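Presented below is the structure to which this report refers.
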Amino acid sequence: MVKSYIGVAVVKPKKKPLQPVTAEYYMARRLITFRPDQTIDHVVDTLLAKNISGGPVVDDNNNLVGIISEGDCLKEVVKGKYTNTPNLSGFVHEHMAKNVKFVSPDINIFELAQMFLNMKLRRFPVLKDGKLVGQISQKDVMRAVQKLKDSTW
């Protein structure tokens, strides 16, 4: 008679990997950006062609210097009203928002959702080491939450 001294095998339950909950995993990385010296006419054409409502403004070193939106472009339209010439020849640097709120890639999407509600913004540029690496919108956060399972938060 042979006796085994191995003992009872213990099977460890497999843990599901935690799902990421930071902006880095859900942000848009391929962004349409603008330059401060571009004309508003160019911005309007791009916004309409790409079906977007705004975008980051960066310098030659990819440093974020502002955000330009449809509303900012409308300022140039209103300016043309007074001369009866709807001219969009103004420049991005004249109309862009310069005091831009941004987030880091490691911000939690739930904290980000609260920021969207408090600040009433539609998107945040994502900066890492001072460089623009992406953009996250309210829609990105909603998609992220939809993908998450309540047992893995």
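What follows is calculated from the coordinates using simple rules that are stated; it is not laboratory data. Treat the numbers as computed from the prediction; the structure is a model and nothing was measured. Every residue, glycine among them, receives a Cβ derived from its backbone with ideal geometry; neighbour counts consider all protein chains shown.
Taking the criterion of being surrounded by 19 or more Cβ atoms within 10 Å (Cβ to Cβ) and of a type in the set (A, V, I, L, M, F, W, C), the residues of the range 117-126 that qualify are F124, V126. Annotation note: Cβ proximity below 9 Å between a residue of the range 50-62 that is touching a residue at least 60 places away in the same chain (Cβ under 8 Å) and surrounded by fewer than 19 Cβ atoms within 10 Å (Cβ to Cβ) and a residue that is of a type in the set (G, A, S) and assigned to a strand (DSSP E or B) (sequence gap 6+ or interchain) occurs for S53/S69. For first residues located in the range 86-112 and surrounded by 13 or more Cβ atoms within 10 Å (Cβ to Cβ), partners that are of a type in the set (S, T, Y) and assigned to a helix (DSSP H, G or I) and lie 6+ apart or on another chain with Cβ distances below 9 Å form the pairs P105/Y25; I109/Y25. Residue count for the range 127-144 satisfying the condition of being surrounded by 15 or more Cβ atoms within 10 Å (Cβ to Cβ) and within 13 Å of Y25 (Cβ to Cβ): 6. Consider S69 carefully, then state whether it is touching a residue at least 24 places away in the same chain (Cβ under 8 Å), polar (S, T, N, Q) and in contact with a helix residue (DSSP H, G or I) (Cβ under 6 Å, 6 or more places away or on another chain). So S69 fails the test.
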